[in-house]
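Since the structure comes first, as structure tokens, the remarks are kept for the end.
The values are calculated or read from the model by the stated rules, or taken from the named source; none is laboratory data. For clarity, every value in this text was computed on a predicted model and none was experimentally measured. Every residue, glycine as well, gets a Cβ built from its backbone with ideal geometry; the counts of neighbours run over all protein chains shown.
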Amino acid sequence: MTNSHNQLAVETRELVKRFGDFTAVDHLNLRIECGETYGLLGPNGSGKTTTIKMLCGLLKTTGGEALVLGKRAGDLSILPRIGYMPQETALYLDLTVHDNISLFGEIYGLSKADIEQGEAELLRFIDLEKWRNSTIANLSGGMRHRVSLACSMLHNPELLFLDEPTIGIDPELRASFWEYFQALRARGVTVIITTHYMDEAHHCGRIGLLREGRLIAEGTPGEITEAAGVQSLEDAFLALARRGGGDEV
Ligand SMILES: Nc1ncnc2c1ncn2[C@@H]1O[C@H](COP(=O)(O)OP(=O)(O)O)[C@@H](O)[C@H]1O
Ligand SMILES: [Mg+2]
């Protein structure tokens, strides 16, 4: 396989993660180009979060290789270039929305002016301007999720990992999130997003379907449904899972 330097946002080769004798990610091969909006889809427990955490350098790999922006996952030099929105929001509950966002900006070494400008823009986007001075503890789960998204994007990363960003969010906001992700794509940002909502997959350029840590299909949503001979991705997943001889999805 030729290594095309910075062409690929993410490349994994036979990536494996085991917890004890349980294999959570099983010989995963991904090639995601810069500028793609790539969806990692699969039911709970299929290995989405584990994969993202390895790519962000938060979990050690058990085997295989993981390259992010041409560097080994976890290489500190890529951290300023990537953003990560964890599935479990990592915010300080006792601090305000503003303080949390500022803190992230400071961690990334942004200037005060950049933090202020970025914060104003992002608060408008997540529609939480009125809540700027409220503590996180006083916000609903969906609002916390929105703050977490803002924190992951403040430093204008060129590659964003979003782990189930739309979970537990009302349909209207989900739709506006996807509009924003499309706008990011238009700006050339690579977005790697996980979801277990199959109906969200059509927003992605390409998707990979994960099941029990293995990639069972990959392509554009249209390619996958066509190959499975069904109408919807949900049906495609079920058909592919059945072919895999599994007992649950
Ligand atoms: N730290 C851990 N120790 C043991 N098992 C884990 C750990 N983290 C995840 N797992 C297991 O690995 C599998 C994949 O988990 P995860 O990547 O969180 O799936 P997903 O994000 O697709 O829901 C699950 O069966 C989960 O229970
Ligand atoms: Mg997960």
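Side notes on the structure shown:
- Any hit, segment 10-32, residues being part of a loop (DSSP other than H, G, I, E, B), on the phi < 0 side of the Ramachandran plot and small (Gly, Ala, Ser): no
- Selected residue (only one of 69, 93, 128 is at pLDDT below 95 and among the aliphatic types (A, V, I, L, M)): 128
- Conditions (1) farther than 25 Å from residue 187 by Cβ; (2) surrounded by fewer than 20 Cβ atoms within 10 Å (Cβ to Cβ): number failed by residue 79: (1)
- Residue within segment 64-73 that is touching a residue at least 12 places away in the same chain (Cβ under 8 Å), under 29 Å from residue 177 (Cα atoms) and within 16 Å of ligand 2 (Cβ to nearest atom) present: no
- Whichever residue in segment 111-122 is at pLDDT 95 or above and among the hydrophobic types (A, V, I, L, M, F, W, C) and, among such residues, is nearest to residue 165 (Cα to Cα): 120
- All of 106, 88 fail the test of being within 16 Å of ligand 2 (Cβ to nearest atom), modelled with pLDDT under 95, among the acidic types (Asp, Glu) and surrounded by fewer than 21 Cβ atoms within 10 Å (Cβ to Cβ), apart from 88.
- Of the residues in segment 162-176, at least one is crowded, with 17+ Cβ neighbours inside 10 Å and among the polar types (S, T, N, Q).
- Segment 13-68, residues that are within 26 Å of residue 166 (Cα to Cα), among the charged types (D, E, K, R) and within 10 Å of ligand 1 (Cβ to nearest atom): 17, 48, 53
- Qualifying residue in segment 22-37 (condition: farther than 21 Å from residue 218 by Cα, within 14 Å of the chain's Cα centre (by Cα) and within 16 Å of ligand 2 (Cβ to nearest atom)): no
- Single residue of segment 111-142 satisfying the filter (in contact with a helix residue (DSSP H, G or I) (Cβ under 7 Å, 6 or more places away or on another chain) and of a type in the set (A, V, I, L, M)) that is surrounded by the fewest Cβ atoms within 10 Å (Cβ to Cβ): 128
- Of the residues contained in segment 41-60, one or more are found to be away from ligand 2 (no atom under 16 Å from the Cβ) and within 26 Å of residue 211 (Cβ to Cβ).
- Residue 137 being part of a helix (DSSP H, G or I), more than 21 Å from residue 80 (Cα to Cα) and at pLDDT 95 or above: yes
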